[in-house]
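One structure is given here, and the rest of the page talks about it.
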Amino acid sequence: MPTILFKSDADSADDWKQALQSAMPELEVRIWPQSGDPGDIDYALVWVPIGDVLRTLPNLKVVFSLGAGVDHLLQQEGLRRDVPIVRMVDPALTQGMSEYLLFHVLRYHRRMSEYAAQQREIRWQQLPQVVPQQRRIGIMGLGIMGADVAGKLAALDFDVAGWSRSPKSLPGVRFFHGEDQLYTFLGGTEILICLLPLTPQTKFIINQHTLAWLPRGASVINVARGAHVNEDDLLAALDSGHIAGATLDVFAEEPLPTTHPFWRHPAVTVTPHIASLTNPDTAAAHIVANIRRHQRGEPLTDVVDWERGY
């Protein structure tokens with residue numbers, strides 16, 4: 001009987017256990033810290049903090065991430081590199097991310113933050129409006145989620161560009177890649193979306209220098225990792241008016257400290273890391289499908305490359 005250990009700070013352990021066992025009745029699900037004999041554990045489904053849990057499992061065969069990002073797992077000391085890590089890939093997770101990004105892109109495009117400010121000031125003023133074809137949206141990171149939202153924005157007739165580490169292709173989207181093309185990409189971006197994986201190369205990629213390349217009045221949306229943004233540089237760009245607005249779902253420290261200036265900055269929208277939440281009922285199918293592949297001796301899908309960091 002295969003056994004999986006679930007560890008998360010979320011209050012959804014029972015929901016995960018039910019979803020996993022519904023998808024695979026013969027799977028034994030143990031909820032940390034009631035993990036029993038560590039030698040029984042074949043698989044682990046985890047988020048942060050993890051601590052020493054994984055290194056205490058001598059027969060661990062696969063680690064499944066509860067979220068799309070895996071930088072937190074790669075940073076765990078003592079995790080054996082011969083144990084594959086599988087990213088969470090779930091259509092519902094991708095859909096949730098696209099919903100969040102479409103909402104905020106449209107909010108900036110139609111200048112709804114400015115109208116909200118006018119309402120608070122009891123001021124009636126119509127603002128200039130542009131058509132989607134004239135609104136330039138740039139997406140950093142063209143993985144599954146980035147490609148999905150890029151296609152949906154292109155279908156709404158926005159001028160969509162993407163930037164990634166290597167060349168990619170998607171109908172209706174202009175593509176840039178590599179460091180040499182980053183600044184050309186930024187110079188033509190009015191609404192910047194960050195969906196990059198966090199690696200040493202992408203840490204603090206949104207900084208004083210890259211923000212300066214965006215056109216004056218641009219907006220920034222970060223739904224990747226807090227460490228992609230140099231927070232002091234972003235605040236300075238907002239205070240100067242060079243960046244008109246920022247929507248931030250992820251932060252260097254979470255929960256965001258109550259004293260942090262992002263909370264009260266008039267040009268910043270803060271959400272508590274909810275751009276897209278993993279749904280046990282839909283995500284369990286992805287996990288179970290990979291467990292069955294592993295048991296049959298077949299290759300796993302969505303395995304993390306340790307060297308690339310995603």
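The values are calculated or read from the model by the stated rules, or taken from the named source; none is laboratory data. Just so it is clear, the model here is predicted, and its values are computed rather than measured. Ligands, DNA and RNA are excluded from the accessible area calculation, which covers all protein heavy atoms including side chains. Shrake-Rupley method; radii C 1.70, N 1.55, O 1.52, S 1.80 Å.
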Given the options Gln21, Gln118, Gln95, which has the most mean-square fluctuation in a GNM of the chain, springs set between C-alpha atoms less than 10 angstrom apart? Gln118
Roughly to the nearest percent, how much of the accessible area of the range 23-122 is carbon and sulfur, given a 1.4 Å probe? 55 percent
Let me check something: with ligands and nucleic acids excluded, how do His104, His177 order by accessible area (1.4 Å probe), largest to smallest? His177, His104
Compute a Gaussian network model of the chain, connecting alpha carbons closer than 10 Å, and tell me which residue from Gly69, Gly36, Gly141 fluctuates the most. Gly36
Which percent of the accessible heavy-atom area of the range 223-277 goes to carbon and sulfur, probe 1.4 angstrom? 57 percent
Project the alpha carbons of the range 162-269 onto their principal axes and report the range along each, largest first, in whole Å. 42, 27, 23
So how many Å³ per residue does the convex hull of the Cα atoms of the range 232-303 work out to? 137 Å³
For the range 148-258: accessible area per residue (Å², 1.4 Å): 44 Å²
Can you give me the solvent accessible area of Tyr100 with a 1.4 Å probe, rounded to the nearest 10 Å²? 20 Å²
Accessible area (Å², per residue) of the range 1-106, counting only protein heavy atoms and a probe of 1.4 Å: 45 Å²
Candidates Val29, Val250, Val288, ranked by Gaussian network fluctuation over the chain, Cα under 10 Å, top entry: Val288
Probe 1.4 Å - accessible area at Thr94, Å² to nearest ten: 20 Å²
Residue span Ser22 to Arg308: 0.36 nm per residue of separation minus Cα-Cα distance leaves a gain in nm of 99.5 nm
Could you work out the helix-only [θ] at 222 nm for the chain, with each DSSP H run of four or more residues adding -39,500 (n - 2.57) and the total divided by the number of residues, to the nearest 500 deg cm²/dmol? -9500 deg cm²/dmol
With just the Cα atoms of the chain, tell me how far they stretch along each of the three principal axes, in Å, largest first. 66, 41, 33
